[in-house]
1. So, in the range 11-51, exactly how many residues are crowded, with 17+ Cβ neighbours inside 10 Å, β-branched (V, I, T) and touching a strand residue (DSSP E or B) at 6+ places or on another chain (Cβ under 9 Å)?
2. Taking the range 7-59 on its own, how many of its residues are over 20 Å from V79 (Cβ atoms) and without any contact (Cβ under 8 Å) to a residue 12 or more places away in the chain?
3. May I ask you to list pairs of residues, at least six apart or on different chains, whose Cβ atoms are under 7 Å apart, with the first in the range 77-103 being assigned to a loop (DSSP other than H, G, I, E, B) and the second being modelled with pLDDT under 85?
4. Any chance the range 29-40 includes a residue that's β-branched (V, I, T), at pLDDT 90 or above, closer than 13 Å to I89 by Cβ and within 12 Å of the chain's Cα centre (by Cα)?
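The values are calculated or read from the model by the stated rules, or taken from the named source; none is laboratory data. Model, not experiment: these values are computed from the prediction. All Cβ positions, glycine included, derive from the backbone under ideal geometry; neighbour counts span all protein chains shown.
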Amino acid sequence: MSLTDEVLPIPAYSGKPISTLVGFNLQGTITGVQIVKHEEPILVVGITDQDLTGFINQYTGKSLHDRVNIGGRPREGYVVVDGITGATITVMVLNRTIIAAAK
């Protein structure tokens, strides 16, 4: 088992990576995501754990090969997940971390 920050340490808003565990099956489908540790100030002050859990739960069932957009309208070749208002950089980093580190 490896955490995403050990495989692909992408710095988030705080300047430090978000340590995340991504589960996937042999077909490349994400089976679950869990944030293990973060130092994001917005996630401590303004965003609830429920908001964060709701965001990462959107990845369950997505393929590692999906091109994921945060917000916007669905378009061919992409899947869309809802972002978190007020945590734009954090969710962009999480998106990249989840897909790229798992690949």
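1. Here the count works out to 6.
2. Residues that pass the stated criteria total 8.
3. Cβ pairs passing all conditions: I84/I47; G86/I42; G86/G46; G86/I47; A87/I42; A87/L43; A87/I47.
4. No, the conditions are met nowhere in the range 29-40.
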